[in-house]
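Notes to accompany the following structure.
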Amino acid sequence: MKPRVAIIGIGRWGKNLAREFNKVAEITAFCHNENPDNKAWLKKTFPNIPTKNYDNILKDKTTEAVIIATPIKTHYKLTRKALLAGKDVFVEKTITDNIGQAQELVKIAKNKKRVLFVGHIFSYHPILAKLKRLNAVEPFEHADFTWNKLGTFNEEILFNLASHDIATALELFGKPTSIKILENKGAITDSDIINLKLSFKNNTSSTIYINRVSNFKNKSVTFASDKNVYLWENDSLFKLNKKTNSYKPAYGSKKTPLEIEASEFIRCLKQRKKPLTDGEFGLEVVKILTKINTTR
C-alpha cells in the first residue's frame, strides 16, 4: 500500500513534486494559495484530489506525511505544526533561514520520532554518488562551482541558491574550516552576484560563484584531483583528456535526482530510516549559510 501524503504549495517546484510523488505515494490533498493558474493546473492535472486548508490536512489521521514546497520563510511554521501533529515531513531546502528554528525542528522530530527530510535535491543526484566514489579513491583537491542564471529574485541568494552548492560541498568534503567572501554585488537586490571561497581539512578548497543576473544559463562544477579533472554539467559527468585537451563523457545518470529523492523519502517512511538529508544535515547547511550571511 502506498503511503498517503499531502502536497503543500503548488508553485513551479511544487508541481514537479506533485507529479513525482504521485508515482510513489497516494496524494490525499493539496494546500495552496488559491492562485488562479495553480487552481486551473490542479483541476486539469489532479481533478479528483481535493484542496484543503492546512489545519484540516493535519487533522486527517489517514494522511501520514506532508510535502512542503513553500517559500523558505514559511518552512519553520509549517514544519513545526506538522511534526507536532504527528506527521512525517518532507520540506524543501533550506529547512529554515534561522539556526535556532532549525535546531527546534530537529529536536521536535526526534522527540516525536518523526521523519524530517530536507529536500537538498543534488544530494540525490546520481552524478554526486559517482563523484563520492571517485573522491574516495582519488581525493579531490579543489572544486569550482559556477552557476549563471536569470532570477529568481523573491528569495535570498544564499539560502535559495548557494544552499545547493554548500550542501554538495558538505557531502564531499565535510564542514569547511574557513569561508571567505571574494565578491558580493547587488543589481536587482542587495546581493545578486556572489563569489565564495571555502577551505576544508587536508588542504582541500572550493569556490562557489553564483550570478543570477546573467544573460545565459549554465550550472557546472569542476573537480580536480592530482590525477584527473572532471566536469559535472547538468546530468552528465565528463573527464578531461589531457592528451587532446578536451572533455569526454565519463558518466550519465539514468534516473532524475527528483525521482530518486521522492523514492528515498517514501523508503524512509516505510522503513523508519534516517534520511541522508535529515534535519541535522539541513541544520549544518543553515549554520554555514548563516556564517556567510553575517560576514557580508
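The values are calculated or read from the model by the stated rules, or taken from the named source; none is laboratory data. From a predicted model like this one, the values you see are computed outputs, not experimental measurements. Cβ placement follows ideal geometry from the backbone for every residue including glycine, while neighbour counts extend to all protein chains displayed.
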| Out of the range 164-186, which residues are in a loop (DSSP other than H, G, I, E, B) and surrounded by 14 or more Cβ atoms within 10 Å (Cβ to Cβ)? | P176
| said: With the structure loaded, tell me whether N160 is touching a Lys or Arg at 6+ places or on another chain (Cβ under 9 Å) and either assigned by TED's automatic domain parsing to the domain that holds K227 or of a type in the set (G, A, S) (or both) or whether it fails that test. | reply: yes
| query | Restricted to the range 58-67, and to residues that are over 17 Å from the mean Cα position of the chain (by Cα) and not in a loop (DSSP other than H, G, I, E, B), which residue is surrounded by the most Cβ atoms within 10 Å (Cβ to Cβ)? | reply | A65
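State yes or no: is K227 closer than 21 Å to L128 by Cα, in the same structural domain as K242 (by TED's automatic domain parsing) and not in a strand (DSSP E or B)?
Values: closer than 21 Å to L128 by Cα: yes; in the same structural domain as K242 (by TED's automatic domain parsing): yes; not in a strand (DSSP E or B): yes.
The answer is yes for K227.
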| field | Matching option when the condition is more than 16 Å from F265 (Cβ to Cβ), touching a Lys or Arg at 6+ places or on another chain (Cβ under 6 Å) and either at pLDDT 95 or above or of a type in the set (S, T, N, Q) (or both), among A25, A29 | value | A29
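Return a yes/no flag: does the range 271-278 have any residue that is in a helix (DSSP H, G or I), out of contact with any Leu (no Cβ under 8 Å at 6 or more places or on another chain) and either without any contact (Cβ under 8 Å) to a residue 24 or more places away in the chain or on the phi < 0 side of the Ramachandran plot (or both).
Yes, there is a match, as at least one residue in the range 271-278 is in a helix (DSSP H, G or I), out of contact with any Leu (no Cβ under 8 Å at 6 or more places or on another chain) and either without any contact (Cβ under 8 Å) to a residue 24 or more places away in the chain or on the phi < 0 side of the Ramachandran plot (or both).
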| request: Might you check whether a residue that is modelled with pLDDT under 95 and not in a helix (DSSP H, G or I) occurs anywhere in the range 37-57? | output: no
| Number of the exception - K23 against (1) part of a helix (DSSP H, G or I); (2) over 23 Å from the mean Cα position of the chain (by Cα) | (2)
| Considering only residues of the range 67-105 that are among the charged types (D, E, K, R) and free of Cβ contacts under 8 Å to residues at least 40 places away in the same chain, which is farthest from I57 (Cα to Cα)? | E104
| task | Kindly provide the set of residues from the range 226-268 that are among the small types (G, A, S), under 30 Å from A109 (Cα atoms) and in contact with an Asp or Glu (Cβ under 8 Å, 6 or more places away or on another chain), ordered by number. | result | A262
